[in-house]
Amino acid sequence: MSELLAGAARVKLQPPIGIAMIGYGNRVGRSTGIHDDLAAQALVIGDGTNKAAIVSVDVLAIGPRIADEICARLAAATDISRDGILICATHTHSGPMFNIWATPQSDARDAGPERDLEWERALPGKIADAVCEANQRLTPATIRAASTPFTFGTNRRLHMPDGDTILAANYAGVADDEAQLLGVYDPSGNPIAFVINYPCHGVVLCEDNLLYSRDWMGFALDELETLARQHGASDPIGIFLNGATGNIDPRSRGSFAVAENHGRELGRHAFEALAAAPPIGESKLLAQRVPLRLKLKDLAPALATARDFPAQTALSLKNHQGGDGYQLKRLRDHHDRALAMLKNLESFDEANRRDRRVNYERGEMATQLSIVAIGDIAIVGIPGEAFVEFGLALKRNPSFAHTLVAGYCNDLIGYIPTHEAYAEGGYEVDTARVAAGGGEMIVEIAFAELAHIASACE
(Lines give C-alpha, C1' and ligand atoms only; values in the text may rest on other atoms or scores of the structure.)
Protein backbone atom coordinates (compact mmCIF):
# COMPACT_ATOMS: atom_id res chain seq x y z
CA MET A 1 0.00 0.00 0.00
CA SER A 2 1.16 3.53 -0.80
CA GLU A 3 0.24 7.06 0.15
CA LEU A 4 -2.28 8.49 -2.26
CA LEU A 5 -1.70 11.72 -4.16
CA ALA A 6 -4.46 13.73 -5.82
CA GLY A 7 -5.08 16.95 -7.70
CA ALA A 8 -8.07 18.46 -9.49
CA ALA A 9 -8.75 21.22 -11.98
CA ARG A 10 -11.48 22.72 -14.15
CA VAL A 11 -11.17 24.35 -17.59
CA LYS A 12 -14.15 26.13 -19.15
CA LEU A 13 -15.11 24.95 -22.63
CA GLN A 14 -16.57 28.32 -23.72
CA PRO A 15 -18.51 27.24 -26.82
CA PRO A 16 -19.50 30.19 -29.00
CA ILE A 17 -23.04 31.51 -28.80
CA GLY A 18 -25.05 31.38 -31.99
CA ILE A 19 -24.17 27.89 -33.21
CA ALA A 20 -26.52 24.92 -33.18
CA MET A 21 -27.09 22.78 -30.10
CA ILE A 22 -26.87 19.00 -29.95
CA GLY A 23 -29.12 16.46 -28.28
CA TYR A 24 -32.52 16.87 -29.94
CA GLY A 25 -33.17 16.24 -33.61
CA ASN A 26 -36.29 18.43 -33.59
CA ARG A 27 -34.78 21.44 -31.80
CA VAL A 28 -35.44 24.68 -33.71
CA GLY A 29 -33.01 27.59 -33.48
CA ARG A 30 -29.41 28.03 -32.39
CA SER A 31 -27.91 28.79 -28.99
CA THR A 32 -28.82 32.20 -27.61
CA GLY A 33 -26.77 32.34 -24.41
CA ILE A 34 -25.21 30.62 -21.40
CA HIS A 35 -27.24 29.59 -18.39
CA ASP A 36 -24.31 27.89 -16.65
CA ASP A 37 -20.76 27.30 -17.85
CA LEU A 38 -19.80 24.06 -19.56
CA ALA A 39 -16.39 22.75 -18.54
CA ALA A 40 -13.96 19.87 -18.37
CA GLN A 41 -13.33 18.71 -14.80
CA ALA A 42 -10.32 16.48 -14.07
CA LEU A 43 -9.22 14.48 -11.05
CA VAL A 44 -5.77 12.87 -11.10
CA ILE A 45 -5.01 10.24 -8.46
CA GLY A 46 -1.74 8.38 -7.96
CA ASP A 47 -0.17 5.92 -5.53
CA GLY A 48 3.46 6.84 -6.24
CA THR A 49 3.71 4.23 -8.99
CA ASN A 50 0.52 4.41 -11.05
CA LYS A 51 -1.81 7.27 -11.90
CA ALA A 52 -5.34 7.66 -13.19
CA ALA A 53 -7.21 10.64 -14.62
CA ILE A 54 -10.98 10.79 -14.13
CA VAL A 55 -12.41 13.45 -16.43
CA SER A 56 -15.99 14.65 -16.87
CA VAL A 57 -16.77 16.84 -19.87
CA ASP A 58 -20.03 18.77 -20.14
CA VAL A 59 -20.95 17.64 -23.67
CA LEU A 60 -23.31 15.08 -25.15
CA ALA A 61 -20.61 12.53 -26.00
CA ILE A 62 -17.00 12.12 -27.09
CA GLY A 63 -16.06 9.61 -29.75
CA PRO A 64 -12.87 7.52 -29.87
CA ARG A 65 -10.85 9.77 -32.16
CA ILE A 66 -11.24 12.79 -29.89
CA ALA A 67 -10.51 10.61 -26.84
CA ASP A 68 -7.42 9.27 -28.61
CA GLU A 69 -6.25 12.80 -29.39
CA ILE A 70 -6.61 13.77 -25.74
CA CYS A 71 -4.66 10.68 -24.67
CA ALA A 72 -1.90 11.48 -27.16
CA ARG A 73 -1.58 15.00 -25.75
CA LEU A 74 -1.40 13.62 -22.22
CA ALA A 75 1.20 11.03 -23.21
CA ALA A 76 3.41 13.88 -24.40
CA ALA A 77 2.84 16.07 -21.34
CA THR A 78 2.36 13.72 -18.36
CA ASP A 79 3.31 10.31 -16.99
CA ILE A 80 -0.32 9.11 -16.87
CA SER A 81 -0.76 5.78 -18.64
CA ARG A 82 -3.37 5.57 -21.37
CA ASP A 83 -4.96 2.71 -19.43
CA GLY A 84 -5.69 5.11 -16.58
CA ILE A 85 -7.39 7.86 -18.59
CA LEU A 86 -11.20 7.94 -18.42
CA ILE A 87 -12.72 10.71 -20.56
CA CYS A 88 -16.43 10.70 -19.69
CA ALA A 89 -19.12 12.92 -21.20
CA THR A 90 -21.83 14.03 -18.78
CA HIS A 91 -24.39 13.64 -21.61
CA THR A 92 -26.06 17.01 -21.26
CA HIS A 93 -28.49 17.65 -24.11
CA SER A 94 -27.99 21.40 -23.73
CA GLY A 95 -24.51 21.65 -25.18
CA PRO A 96 -23.03 22.82 -28.49
CA MET A 97 -23.25 21.03 -31.81
CA PHE A 98 -19.91 19.53 -32.85
CA ASN A 99 -18.51 16.47 -34.57
CA ILE A 100 -18.30 14.05 -31.64
CA TRP A 101 -16.32 11.56 -33.73
CA ALA A 102 -13.27 13.57 -34.78
CA THR A 103 -11.62 16.95 -34.56
CA PRO A 104 -11.98 18.79 -37.89
CA GLN A 105 -8.80 19.12 -39.94
CA SER A 106 -7.33 22.61 -40.23
CA ASP A 107 -8.18 22.69 -43.92
CA ALA A 108 -11.78 21.51 -43.43
CA ARG A 109 -14.41 23.50 -45.26
CA ASP A 110 -16.44 25.97 -43.25
CA ALA A 111 -19.39 24.23 -41.61
CA GLY A 112 -21.53 27.35 -41.80
CA PRO A 113 -23.44 28.90 -38.89
CA GLU A 114 -24.38 25.53 -37.38
CA ARG A 115 -20.88 24.76 -36.05
CA ASP A 116 -17.63 26.51 -35.12
CA LEU A 117 -14.67 24.50 -36.42
CA GLU A 118 -12.07 26.57 -34.61
CA TRP A 119 -13.75 25.83 -31.29
CA GLU A 120 -13.98 22.13 -32.17
CA ARG A 121 -10.27 22.00 -32.95
CA ALA A 122 -9.49 23.56 -29.58
CA LEU A 123 -11.72 21.20 -27.59
CA PRO A 124 -9.25 18.27 -27.10
CA GLY A 125 -6.59 20.72 -25.93
CA LYS A 126 -8.90 22.25 -23.35
CA ILE A 127 -9.78 18.83 -21.95
CA ALA A 128 -6.12 17.80 -21.87
CA ASP A 129 -5.24 21.11 -20.16
CA ALA A 130 -7.60 20.28 -17.29
CA VAL A 131 -5.81 16.96 -16.74
CA CYS A 132 -2.35 18.54 -16.97
CA GLU A 133 -3.32 21.22 -14.44
CA ALA A 134 -4.73 18.61 -12.07
CA ASN A 135 -1.54 16.57 -12.44
CA GLN A 136 0.54 19.60 -11.46
CA ARG A 137 -1.49 20.05 -8.26
CA LEU A 138 -0.83 16.62 -6.76
CA THR A 139 -0.77 16.56 -2.97
CA PRO A 140 -1.10 13.80 -0.35
CA ALA A 141 -4.73 12.77 -0.14
CA THR A 142 -7.35 10.51 1.38
CA ILE A 143 -10.57 9.27 -0.20
CA ARG A 144 -14.03 8.75 1.21
CA ALA A 145 -16.57 6.54 -0.55
CA ALA A 146 -20.29 6.59 0.19
CA SER A 147 -23.71 6.22 -1.35
CA THR A 148 -26.99 8.05 -0.86
CA PRO A 149 -30.61 7.29 -1.80
CA PHE A 150 -31.77 9.17 -4.90
CA THR A 151 -34.76 8.37 -7.08
CA PHE A 152 -34.78 11.04 -9.77
CA GLY A 153 -34.28 8.61 -12.64
CA THR A 154 -37.14 6.53 -13.93
CA ASN A 155 -37.41 3.83 -16.57
CA ARG A 156 -38.45 5.32 -19.90
CA ARG A 157 -39.61 2.19 -21.76
CA LEU A 158 -43.39 2.03 -21.43
CA HIS A 159 -44.98 -1.14 -22.78
CA MET A 160 -48.28 -0.44 -24.52
CA PRO A 161 -51.28 -2.82 -24.61
CA ASP A 162 -50.73 -3.42 -28.33
CA GLY A 163 -47.19 -4.67 -27.67
CA ASP A 164 -45.32 -1.52 -28.72
CA THR A 165 -42.65 -0.01 -26.46
CA ILE A 166 -42.56 3.79 -26.45
CA LEU A 167 -40.36 6.47 -24.89
CA ALA A 168 -42.45 7.41 -21.86
CA ALA A 169 -42.16 7.17 -18.09
CA ASN A 170 -42.54 3.63 -16.77
CA TYR A 171 -42.54 4.12 -13.01
CA ALA A 172 -42.85 0.38 -12.45
CA GLY A 173 -39.75 -0.34 -14.55
CA VAL A 174 -36.22 -0.99 -13.35
CA ALA A 175 -34.28 2.10 -12.19
CA ASP A 176 -31.40 2.92 -9.85
CA ASP A 177 -32.34 4.43 -6.49
CA GLU A 178 -28.84 5.14 -5.20
CA ALA A 179 -26.05 7.56 -6.14
CA GLN A 180 -22.41 6.59 -5.66
CA LEU A 181 -20.06 9.21 -4.21
CA LEU A 182 -16.37 9.88 -3.76
CA GLY A 183 -14.69 12.67 -1.84
CA VAL A 184 -10.97 13.38 -2.12
CA TYR A 185 -9.31 15.40 0.65
CA ASP A 186 -5.91 16.93 1.38
CA PRO A 187 -4.04 16.29 4.69
CA SER A 188 -5.87 19.15 6.43
CA GLY A 189 -9.25 17.69 5.48
CA ASN A 190 -9.92 20.27 2.79
CA PRO A 191 -11.84 18.68 -0.11
CA ILE A 192 -9.90 18.57 -3.38
CA ALA A 193 -12.66 17.02 -5.46
CA PHE A 194 -16.03 15.33 -5.31
CA VAL A 195 -17.40 12.67 -7.64
CA ILE A 196 -21.13 12.00 -8.07
CA ASN A 197 -22.13 8.94 -10.08
CA TYR A 198 -25.77 8.34 -10.99
CA PRO A 199 -27.55 7.07 -14.13
CA CYS A 200 -30.03 9.52 -15.65
CA HIS A 201 -30.16 11.27 -19.02
CA GLY A 202 -29.38 14.99 -19.00
CA VAL A 203 -32.75 15.90 -20.50
CA VAL A 204 -34.65 17.87 -17.87
CA LEU A 205 -34.21 20.77 -20.29
CA CYS A 206 -36.12 20.04 -23.48
CA GLU A 207 -36.03 21.05 -27.14
CA ASP A 208 -37.21 24.58 -26.41
CA ASN A 209 -34.14 25.41 -24.34
CA LEU A 210 -31.52 27.39 -26.29
CA LEU A 211 -29.17 28.17 -23.39
CA TYR A 212 -26.00 26.17 -22.74
CA SER A 213 -26.35 24.22 -19.50
CA ARG A 214 -25.07 21.19 -17.63
CA ASP A 215 -28.72 20.38 -16.90
CA TRP A 216 -29.67 18.87 -13.52
CA MET A 217 -26.21 17.33 -13.02
CA GLY A 218 -24.60 20.76 -12.81
CA PHE A 219 -26.91 21.91 -10.04
CA ALA A 220 -25.98 18.82 -7.99
CA LEU A 221 -22.30 19.72 -8.23
CA ASP A 222 -22.97 23.41 -7.53
CA GLU A 223 -24.79 22.53 -4.31
CA LEU A 224 -22.07 20.13 -3.18
CA GLU A 225 -19.30 22.65 -3.88
CA THR A 226 -21.24 25.48 -2.19
CA LEU A 227 -21.86 23.46 0.97
CA ALA A 228 -18.18 22.53 1.11
CA ARG A 229 -17.14 26.19 0.83
CA GLN A 230 -19.61 27.13 3.57
CA HIS A 231 -17.77 24.64 5.78
CA GLY A 232 -14.36 26.17 5.09
CA ALA A 233 -13.27 24.52 1.84
CA SER A 234 -11.32 26.64 -0.62
CA ASP A 235 -12.07 25.53 -4.18
CA PRO A 236 -13.25 21.91 -4.55
CA ILE A 237 -13.86 20.55 -8.05
CA GLY A 238 -17.11 18.66 -8.64
CA ILE A 239 -17.13 15.82 -11.17
CA PHE A 240 -20.25 14.11 -12.49
CA LEU A 241 -20.04 10.62 -13.98
CA ASN A 242 -23.27 9.63 -15.67
CA GLY A 243 -23.99 5.93 -15.33
CA ALA A 244 -25.86 3.22 -17.21
CA THR A 245 -28.48 5.61 -18.54
CA GLY A 246 -29.67 3.80 -21.67
CA ASN A 247 -33.26 3.37 -20.51
CA ILE A 248 -33.41 6.04 -17.79
CA ASP A 249 -34.85 9.58 -17.99
CA PRO A 250 -35.66 12.15 -15.28
CA ARG A 251 -39.03 11.55 -13.67
CA SER A 252 -39.80 15.25 -14.03
CA ARG A 253 -38.77 17.51 -16.92
CA GLY A 254 -39.28 20.84 -18.60
CA SER A 255 -37.59 23.74 -16.79
CA PHE A 256 -34.51 25.04 -15.05
CA ALA A 257 -36.50 25.06 -11.80
CA VAL A 258 -37.03 21.30 -12.03
CA ALA A 259 -33.35 20.74 -12.85
CA GLU A 260 -32.23 22.91 -9.95
CA ASN A 261 -34.61 21.44 -7.36
CA HIS A 262 -33.63 17.84 -8.00
CA GLY A 263 -29.95 18.54 -8.62
CA ARG A 264 -29.54 20.48 -5.39
CA GLU A 265 -31.38 17.73 -3.51
CA LEU A 266 -28.73 15.26 -4.62
CA GLY A 267 -25.94 17.70 -3.75
CA ARG A 268 -27.22 18.05 -0.18
CA HIS A 269 -27.54 14.31 0.31
CA ALA A 270 -24.09 13.77 -1.16
CA PHE A 271 -22.46 16.26 1.20
CA GLU A 272 -24.07 14.63 4.25
CA ALA A 273 -23.15 11.09 3.16
CA LEU A 274 -19.52 11.95 2.47
CA ALA A 275 -19.16 13.85 5.75
CA ALA A 276 -20.12 10.67 7.60
CA ALA A 277 -17.93 8.30 5.54
CA PRO A 278 -14.60 7.03 6.91
CA PRO A 279 -11.40 8.16 5.14
CA ILE A 280 -9.28 5.73 3.15
CA GLY A 281 -5.56 6.51 3.26
CA GLU A 282 -2.87 4.29 1.81
CA SER A 283 -4.12 2.29 -1.16
CA LYS A 284 -2.86 0.66 -4.31
CA LEU A 285 -4.04 2.01 -7.65
CA LEU A 286 -4.37 -0.11 -10.75
CA ALA A 287 -5.83 0.80 -14.15
CA GLN A 288 -6.60 -1.30 -17.18
CA ARG A 289 -8.29 -1.05 -20.55
CA VAL A 290 -9.98 -4.27 -21.57
CA PRO A 291 -10.49 -4.87 -25.31
CA LEU A 292 -14.04 -5.75 -26.38
CA ARG A 293 -15.28 -7.22 -29.64
CA LEU A 294 -19.04 -6.95 -29.80
CA LYS A 295 -21.27 -8.47 -32.44
CA LEU A 296 -23.09 -5.99 -34.63
CA LYS A 297 -26.83 -6.19 -35.07
CA ASP A 298 -27.58 -8.04 -38.33
CA LEU A 299 -29.22 -5.53 -40.67
CA ALA A 300 -29.54 -7.90 -43.65
CA PRO A 301 -33.15 -9.09 -43.04
CA ALA A 302 -34.45 -5.57 -42.40
CA LEU A 303 -32.55 -4.20 -45.41
CA ALA A 304 -34.00 -6.89 -47.69
CA THR A 305 -37.52 -6.00 -46.59
CA ALA A 306 -36.87 -2.28 -46.79
CA ARG A 307 -35.55 -2.56 -50.35
CA ASP A 308 -38.70 -4.36 -51.46
CA PHE A 309 -41.10 -2.09 -49.60
CA PRO A 310 -40.87 1.05 -51.84
CA ALA A 311 -41.63 -0.99 -54.97
CA GLN A 312 -44.84 -2.22 -53.34
CA THR A 313 -45.96 1.24 -52.20
CA ALA A 314 -45.03 2.75 -55.59
CA LEU A 315 -47.17 0.11 -57.32
CA SER A 316 -50.09 0.98 -55.04
CA LEU A 317 -49.74 4.61 -56.04
CA LYS A 318 -49.61 3.71 -59.72
CA ASN A 319 -52.76 1.59 -59.45
CA HIS A 320 -54.71 4.23 -57.56
CA GLN A 321 -57.77 5.40 -59.51
CA GLY A 322 -59.60 7.39 -56.82
CA GLY A 323 -58.68 10.99 -57.48
CA ASP A 324 -57.06 13.28 -54.91
CA GLY A 325 -58.90 12.13 -51.77
CA TYR A 326 -57.81 10.55 -48.49
CA GLN A 327 -56.78 7.29 -50.08
CA LEU A 328 -54.18 9.04 -52.25
CA LYS A 329 -52.84 10.81 -49.18
CA ARG A 330 -52.56 7.49 -47.35
CA LEU A 331 -50.73 5.88 -50.27
CA ARG A 332 -48.32 8.80 -50.53
CA ASP A 333 -47.67 8.62 -46.80
CA HIS A 334 -46.95 4.88 -47.09
CA HIS A 335 -44.52 5.47 -49.93
CA ASP A 336 -42.74 8.34 -48.15
CA ARG A 337 -42.40 6.18 -45.06
CA ALA A 338 -41.02 3.30 -47.11
CA LEU A 339 -38.39 5.55 -48.68
CA ALA A 340 -37.44 7.02 -45.30
CA MET A 341 -37.04 3.57 -43.71
CA LEU A 342 -34.83 2.42 -46.56
CA LYS A 343 -32.71 5.56 -46.34
CA ASN A 344 -32.23 5.15 -42.58
CA LEU A 345 -31.23 1.50 -42.83
CA GLU A 346 -28.85 2.12 -45.72
CA SER A 347 -27.26 4.99 -43.77
CA PHE A 348 -26.95 2.69 -40.76
CA ASP A 349 -25.26 0.04 -42.89
CA GLU A 350 -22.96 2.57 -44.55
CA ALA A 351 -21.90 3.88 -41.15
CA ASN A 352 -20.84 0.36 -40.17
CA ARG A 353 -18.84 0.02 -43.38
CA ARG A 354 -17.00 3.31 -42.79
CA ASP A 355 -16.41 2.90 -39.05
CA ARG A 356 -12.77 2.14 -38.28
CA ARG A 357 -13.86 0.19 -35.19
CA VAL A 358 -15.92 -2.23 -37.30
CA ASN A 359 -14.79 -5.44 -38.97
CA TYR A 360 -17.64 -5.56 -41.47
CA GLU A 361 -16.88 -9.06 -42.74
CA ARG A 362 -16.93 -10.52 -39.24
CA GLY A 363 -19.79 -8.29 -38.11
CA GLU A 364 -17.91 -7.03 -35.06
CA MET A 365 -17.19 -3.69 -33.42
CA ALA A 366 -13.99 -3.14 -31.43
CA THR A 367 -14.07 -0.97 -28.32
CA GLN A 368 -12.96 -1.25 -24.70
CA LEU A 369 -13.85 -1.19 -21.04
CA SER A 370 -11.84 1.16 -18.84
CA ILE A 371 -11.31 0.13 -15.22
CA VAL A 372 -9.60 2.05 -12.41
CA ALA A 373 -9.28 0.51 -8.94
CA ILE A 374 -8.18 2.38 -5.82
CA GLY A 375 -8.15 0.09 -2.81
CA ASP A 376 -11.69 -1.26 -2.46
CA ILE A 377 -13.11 1.31 -4.92
CA ALA A 378 -13.59 0.52 -8.61
CA ILE A 379 -14.67 2.72 -11.51
CA VAL A 380 -15.89 0.85 -14.59
CA GLY A 381 -16.00 2.98 -17.75
CA ILE A 382 -18.48 1.77 -20.38
CA PRO A 383 -18.21 3.10 -23.96
CA GLY A 384 -21.86 3.85 -24.55
CA GLU A 385 -25.40 3.96 -23.19
CA ALA A 386 -25.86 0.72 -21.30
CA PHE A 387 -29.25 -0.19 -19.87
CA VAL A 388 -29.55 0.37 -16.13
CA GLU A 389 -29.82 -3.37 -15.45
CA PHE A 390 -26.16 -3.71 -16.42
CA GLY A 391 -25.15 -0.84 -14.16
CA LEU A 392 -26.95 -2.40 -11.22
CA ALA A 393 -25.26 -5.74 -11.88
CA LEU A 394 -21.80 -4.14 -11.99
CA LYS A 395 -22.44 -2.23 -8.76
CA ARG A 396 -23.21 -5.55 -7.05
CA ASN A 397 -19.96 -7.22 -8.11
CA PRO A 398 -18.37 -9.08 -5.17
CA SER A 399 -14.81 -7.91 -5.78
CA PHE A 400 -15.08 -4.29 -4.59
CA ALA A 401 -16.95 -2.62 -1.74
CA HIS A 402 -17.72 0.44 -3.87
CA THR A 403 -18.21 0.37 -7.66
CA LEU A 404 -18.99 3.36 -9.84
CA VAL A 405 -20.26 2.74 -13.37
CA ALA A 406 -19.33 5.55 -15.78
CA GLY A 407 -21.10 5.64 -19.14
CA TYR A 408 -20.01 7.57 -22.26
CA CYS A 409 -16.40 6.71 -21.42
CA ASN A 410 -13.64 7.03 -24.06
CA ASP A 411 -16.04 6.02 -26.85
CA LEU A 412 -19.67 5.97 -27.96
CA ILE A 413 -21.02 2.75 -29.44
CA GLY A 414 -24.66 3.71 -28.91
CA TYR A 415 -27.32 1.96 -26.87
CA ILE A 416 -26.55 -1.34 -25.14
CA PRO A 417 -29.95 -2.93 -24.37
CA THR A 418 -30.63 -6.09 -22.41
CA HIS A 419 -31.31 -9.34 -24.26
CA GLU A 420 -34.96 -9.15 -23.19
CA ALA A 421 -35.33 -5.63 -24.57
CA TYR A 422 -34.42 -6.75 -28.09
CA ALA A 423 -37.57 -8.86 -28.18
CA GLU A 424 -39.64 -5.88 -27.00
CA GLY A 425 -38.30 -3.41 -29.57
CA GLY A 426 -38.52 0.33 -29.07
CA TYR A 427 -36.30 3.33 -29.80
CA GLU A 428 -33.15 2.13 -28.05
CA VAL A 429 -33.31 -1.29 -29.73
CA ASP A 430 -34.13 0.16 -33.14
CA THR A 431 -31.11 2.48 -33.02
CA ALA A 432 -28.68 0.11 -31.28
CA ARG A 433 -25.65 -0.99 -33.28
CA VAL A 434 -24.62 -3.95 -31.15
CA ALA A 435 -26.46 -7.26 -31.27
CA ALA A 436 -28.43 -8.85 -28.44
CA GLY A 437 -26.11 -10.29 -25.83
CA GLY A 438 -23.52 -7.53 -26.09
CA GLY A 439 -24.39 -5.99 -22.74
CA GLU A 440 -24.38 -9.34 -20.98
CA MET A 441 -20.92 -10.01 -22.45
CA ILE A 442 -19.65 -6.66 -21.15
CA VAL A 443 -20.83 -7.47 -17.62
CA GLU A 444 -19.30 -10.96 -17.75
CA ILE A 445 -15.93 -9.63 -18.91
CA ALA A 446 -16.03 -6.81 -16.36
CA PHE A 447 -16.71 -9.23 -13.52
CA ALA A 448 -13.71 -11.34 -14.49
CA GLU A 449 -11.41 -8.32 -14.80
CA LEU A 450 -12.63 -6.82 -11.52
CA ALA A 451 -11.87 -10.09 -9.73
CA HIS A 452 -8.40 -10.21 -11.29
CA ILE A 453 -7.64 -6.57 -10.38
CA ALA A 454 -8.96 -7.04 -6.84
CA SER A 455 -6.56 -9.93 -6.27
CA ALA A 456 -3.68 -7.81 -7.60
CA CYS A 457 -4.62 -4.97 -5.22
CA GLU A 458 -4.29 -7.19 -2.14
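Look at the stretch 167-184: where a residue is within 30 Å of Ala373 (Cα to Cα) and a partner is surrounded by fewer than 24 Cβ atoms within 10 Å (Cβ to Cβ) and modelled with pLDDT under 95, sitting 6+ places away or on another chain with Cβ atoms under 9 Å, you get Gly183/Pro279. All of Arg229, Arg268 fail the test of being in the same structural domain as His35 (by TED's automatic domain parsing), free of Cβ contacts under 8 Å to residues at least 24 places away in the same chain and surrounded by fewer than 18 Cβ atoms within 10 Å (Cβ to Cβ), apart from Arg229.
Among the residues of the stretch 391-441, the ones that are of a type outside the set (D, E, K, R), surrounded by 21 or more Cβ atoms within 10 Å (Cβ to Cβ) and within 12 Å of Ile379 (Cα to Cα) come to 10 in all.
Residues in the stretch 1-10: is at least one modelled with pLDDT under 95, in contact with a strand residue (DSSP E or B) (Cβ under 8 Å, 6 or more places away or on another chain), of a type in the set (A, V, I, L, M) and more than 21 Å from Arg121 (Cβ to Cβ)? The answer is yes; a qualifying residue exists.
On the basis of being among the hydrophobic types (A, V, I, L, M, F, W, C), closer than 30 Å to Val28 by Cα and either touching a strand residue (DSSP E or B) at 6+ places or on another chain (Cβ under 6 Å) or free of Cβ contacts under 8 Å to residues at least 40 places away in the same chain (or both), does Val204 make the cut?
In short, yes.
Can you name every residue in the stretch 147-166 that is in contact (Cβ under 8 Å) with a residue 60 or more places away in the chain, within 14 Å of Tyr427 (Cβ to Cβ) and not polar (S, T, N, Q)? Break it down into steps so the answer makes sense when it comes.
Step one: list which residues in the stretch 147-166 are in contact (Cβ under 8 Å) with a residue 60 or more places away in the chain, which gives 147-157, 159, 164-166.
Keeping just the survivors that are within 14 Å of Tyr427 (Cβ to Cβ) gives 155-157, 159, 164-166.
Listed by number, the residues that qualify are Arg156, Arg157, His159, Asp164, Ile166.
Kindly establish whether Asp222 is closer than 30 Å to Arg30 by Cβ and not basic (Lys, Arg). Don't jump to the end; show me each part of the working.
Details: closer than 30 Å to Arg30 by Cβ: yes; not basic (Lys, Arg): yes.
For Asp222, the condition - closer than 30 Å to Arg30 by Cβ and not basic (Lys, Arg) - is met.
Between residues in the stretch 34-49 that are assigned by TED's automatic domain parsing to the domain that holds Tyr212 and modelled with pLDDT under 95 and residues that are surrounded by 24 or more Cβ atoms within 10 Å (Cβ to Cβ) and of a type in the set (Val, Ile, Thr), which pairs lie under 7 Å by C-beta distance while being six or more apart or on different chains? Every condition considered, no pair remains. Would you point out the residue of the stretch 359-418, among those that are under 18 Å from Leu86 (Cα atoms) and polar (S, T, N, Q), that is nearest to the chain's Cα centre (by Cα)? It comes out as Asn410. Among the residues in the stretch 178-193, are any farther than 28 Å from Ala233 by Cα, part of a loop (DSSP other than H, G, I, E, B) and not acidic (Asp, Glu)? No: the stretch 178-193 contains no residue that is farther than 28 Å from Ala233 by Cα, part of a loop (DSSP other than H, G, I, E, B) and not acidic (Asp, Glu).
Tell me yes or no: at least one residue of the stretch 408-423 is in contact (Cβ under 8 Å) with a residue 40 or more places away in the chain and in a helix (DSSP H, G or I). Yes, some residue in the stretch 408-423 is in contact (Cβ under 8 Å) with a residue 40 or more places away in the chain and in a helix (DSSP H, G or I).
Here are some conditions: (1) touching a residue at least 12 places away in the same chain (Cβ under 8 Å); (2) within 23 Å of Ala351 (Cα to Cα); (3) surrounded by fewer than 17 Cβ atoms within 10 Å (Cβ to Cβ); (4) among the charged types (D, E, K, R). Asp79 meets all but one. Which one does it not meet? Checking Asp79 against (1) touching a residue at least 12 places away in the same chain (Cβ under 8 Å); (2) within 23 Å of Ala351 (Cα to Cα); (3) surrounded by fewer than 17 Cβ atoms within 10 Å (Cβ to Cβ); (4) among the charged types (D, E, K, R), the one that fails is (2).
Filter the stretch 299-316 down to the residues that are hydroxyl-bearing (Ser, Thr, Tyr) and over 25 Å from Val434 (Cα atoms) and list them by number.
Within the stretch 299-316, Thr313, Ser316 qualify.
Evaluation of Ala259 against the conditions (1) over 19 Å from the mean Cα position of the chain (by Cα); (2) assigned by TED's automatic domain parsing to the domain that holds Lys12; (3) surrounded by 18 or more Cβ atoms within 10 Å (Cβ to Cβ) shows that the sole unmet condition is (1).
Of all residues in the stretch 424-447, which are part of a loop (DSSP other than H, G, I, E, B) and β-branched (Val, Ile, Thr)? Give the derivation first.
First, the residues of the stretch 424-447 that are part of a loop (DSSP other than H, G, I, E, B): 425-426, 432-433, 435-437.
Hits for the stretch 424-447: nothing passes.
I need the full set of residues from the stretch 15-29 which are part of a loop (DSSP other than H, G, I, E, B) and either in contact (Cβ under 8 Å) with a residue 60 or more places away in the chain or β-branched (Val, Ile, Thr) (or both), in order please.
Residues of the stretch 15-29 that are part of a loop (DSSP other than H, G, I, E, B), as a first pass: 15-20, 23-29.
Listed by number, the residues that qualify are Pro15, Pro16, Ile17, Gly18, Ile19, Ala20, Gly23, Tyr24, Asn26, Arg27, Val28, Gly29.
Write out, first by first residue and then by second, each pair whose Cβ atoms fall under 8 Å of each other, whose residues are 6+ apart or on separate chains, and whose first residue, in the stretch 308-327, is more than 22 Å from Met341 (Cα to Cα) and without any contact (Cβ under 8 Å) to a residue 40 or more places away in the chain while the second is surrounded by 10 or more Cβ atoms within 10 Å (Cβ to Cβ) and not aliphatic (A, V, I, L, M). Cβ pairs passing all conditions: His320/Gln327.
For the stretch 394-405, indicate whether the set of residues that are in contact (Cβ under 8 Å) with a residue 12 or more places away in the chain, out of contact with any Lys or Arg (no Cβ under 7 Å at 6 or more places or on another chain) and in a strand (DSSP E or B) is non-empty. Taking every residue of the stretch 394-405 in turn, at least one turns out to be in contact (Cβ under 8 Å) with a residue 12 or more places away in the chain, out of contact with any Lys or Arg (no Cβ under 7 Å at 6 or more places or on another chain) and in a strand (DSSP E or B).
The values are calculated or read from the model by the stated rules, or taken from the named source; none is laboratory data. Source: prediction; values computed, not measured. FYI the Cβ positions are ideal-geometry reconstructions off the backbone, even for glycines, and counts take in every protein chain you see.
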